[in-house]
Amino acid sequence: MSNFLRAALLVLTMGGCSIAQTNTPPSGGAQSDALAQSASHANRGAKYTADFDWSQKPSTDLSVLGAKTAELSSCPLGVNGSESEYWVYISGEGKPEAVKVTGGTCNGDGRPGTLQFTTVNAHGRGYTLGSASDGLQEASIAARARPANSKMRPEGGRVIVSPGADIEIHARVSIRAAYQTIDFSGTAFNCYMDDDCIMVGDPEKSIWFRNITLIAPSGRPQVPGGSHPMIEVNAQKTRIIDVSTRSGEGASTFGSYVQVDDDQAFLLDGLDTGGAKIKCDETFCGSYVTAPGPFNKWSAVGWLKNMNVSPGCHGNGIDWQSGNTLRVSDSVIQGFHQFGVRTGHGRGGYGGTELDNVYMEVGNACGAAENGAAGAIVQGGMLTVRSERTPTGTIPKFQDLGSNFYAYFIVLNHPTLGDSVPLPMGWAKTDGSTPVPVSWPVVRGVTGTGRYKLLRARWDGKGFKPAISGSGDWLIATIDPASCNPARCKFTDTHASPKTFTSVSTLGGAPPYFPMLDFWPGNIILASARDTQNLSAPAKLFTDLATDGIVSVGRYVDGPAVFSEFCSYGSTGYAASIYPARSCSDPGAPTYGLKRGWILQSQSAQSGNSFANYKGRLNFLTTGSGPAPLITWEDSTPEKTLSHILTRPSAELTDSDSGMFAKGIQYTRANLEIRNYVGTLPDKANWKERLTGNEKSFAVPVTIAPGNTLTVGSGSPLSQMKMFSTKPVERRPVPPQSCIDLAGAAPGLTANDMVTGIKPPAPLGNLSVTGYTVAADSVNLHFCNASTAAGNVPAGSYSFLAVH
């Protein structure tokens, strides 16, 4: 077949090329063969990269570095001087380099043309100019076509990376064709530059390209300490399927496998970390999937599924900082260095994150032992976990000696916002004499005059680790942030006696400092999106199962931070800590005897007196006609209750419950006895009021307030019973067998009072005395002498009981 016929056949199968372009045949035997091979694949509806791996030896002088215009004898398919993101590779003579094409007349039509670029190395005569990606970039360009009767950008096409040997990529490959699919199945690409290997879309405008699909991309890093992503996405509705890597040479790394910039409908289906490592050292520790944000610049929305992120301590899992919605499902994230997932609104945004059926595990060997790891770090916003296994991290154990157990906390002090709540950050088992090396993460907000306040609490080694609240002997050091290294602060605990420390109020008062945390050890870290005192700033967790090791920067009094169907316990966490408050609809772990309490905050700690006499948070809105038990304190027939379809059978005589007898009538009943206690714990002896089936008993004085009465049986209502004392009465004789009356002043006595129980100031001898009222403030004392001898009224004050 002649070159002319080959070119004609090729043009008929090229997307985006006009028929008029067939009149000029390509020149050069090698190029003609490549064009013919491309034409031979036309009936497959795809472009094979091997057909586009071009090279030429232009005569343009490149011996002096700088801006150049290279003349090509023919411009192969996909070689276009007007392409925005196109690189070529210079090799053979001088130090090889990839150069970005900035212009030229080449139009990928087989005709002679030029390419403009700027070199940074000198290249002698005989150099080779060719594809920087073994034809991958050119195949993507050639595969697209401009829609008929449209001024839109060329789009579509299918590219197949030719199976066989790895392809060599020396410069970023940009996929700039909407609705294009690139299939990497069966091969890998080697990345030789400290830059993205593949860029999906445009670096600046994410709305220019959409619906691009990559199938089975697998890269091999070739740059030691490389920190760029293997694949970067800045387009819309990108689909990446089955990402993998191959191990690079020596210390060669990627910064991440996939970075998502501003794709707001991104899907990653399948990722495996069994190949190349992610760079992770003291200055940079990358994540396998990232969305760097900030929100409103790069606001990615992502669905990640079917991933196996098992890096063996090299790098982190997912770092989603775009502030938009993320969903991770049916995946494994384990063996990470610092964290499994970091998400939230630390760089702006309002979207939440959901983990659905994500298995998470952190290897004990990952990271330095004193650093720990976080299963999930949430910087504001909401995390929803739908799985039997919640995110799992590691709490540092600083020492393992002896039988003295210490639990360590840090109070973060912001220079203007004050103290945070104490945050648990590690523990130690010590011998009481060997110094304990303690360390914790640097927090960005603790700068300048801010301080780290290190607290230590003793622990008996049993049950839950202690919590810090109120005042106690805990403070062992105050550390200037200037003494810390860029990532961590360190202190050596020599077991000195702690000083008294009072933490910020967790039950009221002004809001504390809610810090934004880039890292903190624990299973789930609920931090703030920014350093603030805004009560709504701390993150919230919604989960099916909430275990221990959850650390929140929020206060207990400001409401629950964890909302869970089921709250269980573990052996290593801070379940007894007041951080965070939890709302659980179940009683707690079935294997643990003590069940978790259910806390309800009635008002904000900042409400003051603004909300007096509002209806309660626990409100039984309708009770019917009654009697209606509302709370059963003791169920005398629990088997009957559990077997009832609604778990609410008829009440028993032997139950203890409270409820409404009828509208407006409340009752409380018990099987045996009702007791009331004041100022003491319940016991057998110190009750103040007791009701049994036989009697009502009081162990305190009984007072009837003024204006109220007491009726015993069918007797008269009594409103007051009071002891009075008269003013002094003079001594007076009482003749034999006669009586006299004396008036005794008694302020407060009324004319209707009944007087009884008169007590004289001295023995009466042969006299008797009674009393009655004739006027207010006075009592009439009636003395009688029934004997035949004279008697005398004792002088002094007389006491008596007056009943009204």
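The values are calculated or read from the model by the stated rules, or taken from the named source; none is laboratory data. In this text the structure is predicted, and so the values were computed from the model without any measurement. So basically every Cβ, Gly included, is an ideal-geometry build from the backbone, and we count neighbours across all protein chains shown. Ligands, DNA and RNA are stripped out before the accessible areas are found, and what is left, the full protein with its side chains, is counted by its heavy atoms. Shrake-Rupley method; radii C 1.70, N 1.55, O 1.52, S 1.80 Å.
Couple of notes before you dig in:
- Note on residue 82: accessible area is roughly 90 Å² with a 1.4 Å probe, heavy atoms of protein only.
- Of all DSSP beta bridges in the chain, antiparallel share, percent nearest 5: 50
- Rounded tilt (10° steps) of 29-40 against the dominant C-alpha axis of the chain: 50
- Diffusion constant of the range 110-251 at 20 °C, which comes from Stokes-Einstein with the Kirkwood Cα-pair radius and 1.002 mPa s, µm²/s: 132
- Listed pairs 68/100; 100/297; 237/297 exceeding 23 Å between Cα atoms: 100/297
- Enclosing the Cα atoms of the range 287-327 in their convex hull gives a volume equal to 51 cubic angstrom per residue.
- Cα-Cα pairs of the range 350-452 separated by more than 18 Å (percent): 63
- Among [x] 268; [y] 204; [z] 346, the entry that matches volume of the Cα convex hull per residue in Å³ as calculated here: [x]
- Euclidean distance of C-alpha centroids, the range 81-98 and the range 743-793, integer Å: 126
- Semi-axes of the equivalent ellipsoid for the range 666-726, computed as √(5λ) from the eigenvalues of its C-alpha gyration tensor and ordered from largest down, come to 28, 17, 10 Å.
- Here is the size of the range 394-520 from its Cα atoms: Rg then Dmax, 14.2, 41 Å.
- When the alpha carbon gyration tensor of the range 177-223 is reduced to an equivalent ellipsoid, the three semi-axes, largest first, read 22, 16, 5 Å.
- Among the protein heavy atoms, those of residue 93 account for about 80 Å² of accessible surface (1.4 Å probe, every chain in place).
- With every protein chain in place and a 1.4 angstrom probe, the accessible-area ranking of 123, 782, largest first, reads 782, 123.
- Heavy-atom surface of the chain, accessible at 1.4 Å and reported per residue (Å²): 46
- Stokes-Einstein translational diffusion, the range 684-804 - Kirkwood Rh over all Cα pairs, 0.890 mPa s, 25 °C, in µm²/s: 147
- Links that overshoot a 29 Å alpha carbon limit, given the list 397/540; 499/684; 47/205; 397/499: 499/684
- A simple spin-label model places the labels of residue 674 and residue 645 3.4 nm from each other, with each point 7 Å out along Cα-to-Cβ.
- Spin-label model distance (nm) - residue 499 vs residue 59, 7 Å beyond Cα toward Cβ: 8.5
- Largest to smallest accessible area among 633, 208, 459, 440 [probe 1.4 Å]: 633, 208, 459, 440
- Convex hull volume per residue, computed on the Cα atoms of the range 310-366, equals 63 Å³.
- Computed accessible area, residue 48, all protein chains, 1.4 angstrom probe, square angstrom: 40
- Database remark: amide H of residue 252 closer than 5 angstrom to the amide H of 225 (H placed geometrically; neighbours at sequence offset of 5 or more, or on other chains; Pro and chain starts carry no H).
- Model label points for residue 636 and residue 125, set 7 angstrom from Cα along the Cα-to-Cβ axis, are 11.4 nm apart.
- Scattering profile of the range 740-800 at q = 0.13, 0.14, 0.19, 0.27 Å⁻¹ [log10 I(q)/I(0), Debye over alpha-carbon scatterers]: -0.33, -0.38, -0.67, -1.17
- Applying 1/(1 + (r/R0)^6) with R0 = 45 Å to the Cβ-Cβ distance of residue 756 and residue 681 gives a FRET efficiency near 0.65.
- Calculated on alpha-carbon atoms, Rg and Dmax of the range 261-339 in Å: 12.5, 34
- Size descriptors for the range 190-321 (Cα atoms only): Rg and Dmax, in that order, 13.5, 39 Å.
- Extension gain for residue 699 to residue 601 (0.36 nm times residue separation, less C-alpha to C-alpha distance): 31.9 nm.
- In the chain, the portion of solvent-accessible area held by carbon and sulfur atoms comes to 53 percent [1.4 Å probe, whole percent, DNA, RNA and ligands not counted].
- Computed E for residue 485/residue 458 - FRET, C-beta separation, R0 41 angstrom, nearest 0.05: 0.90
- When you work out D = kT/(6 pi eta Rh) for the range 100-178 at 4 °C and 1.567 mPa s, using the Kirkwood radius from C-alpha pairs as Rh and the Stokes-Einstein form, the result is 87 µm²/s.
- With all protein chains in place and ligands, DNA and RNA left out, the 1.4 Å accessible area ranks 350, 452 as 350, 452, largest first.
- Quotient of the Cα radius of gyration of the range 615-689 and 2.2 N^0.38 Å, N being its number of residues: 1.30.
- Qualifying GluC sites (Glu not before Pro) in the range 667-719, DSSP loop, other Cβ atoms within 10 Å at most 14: 673, 695
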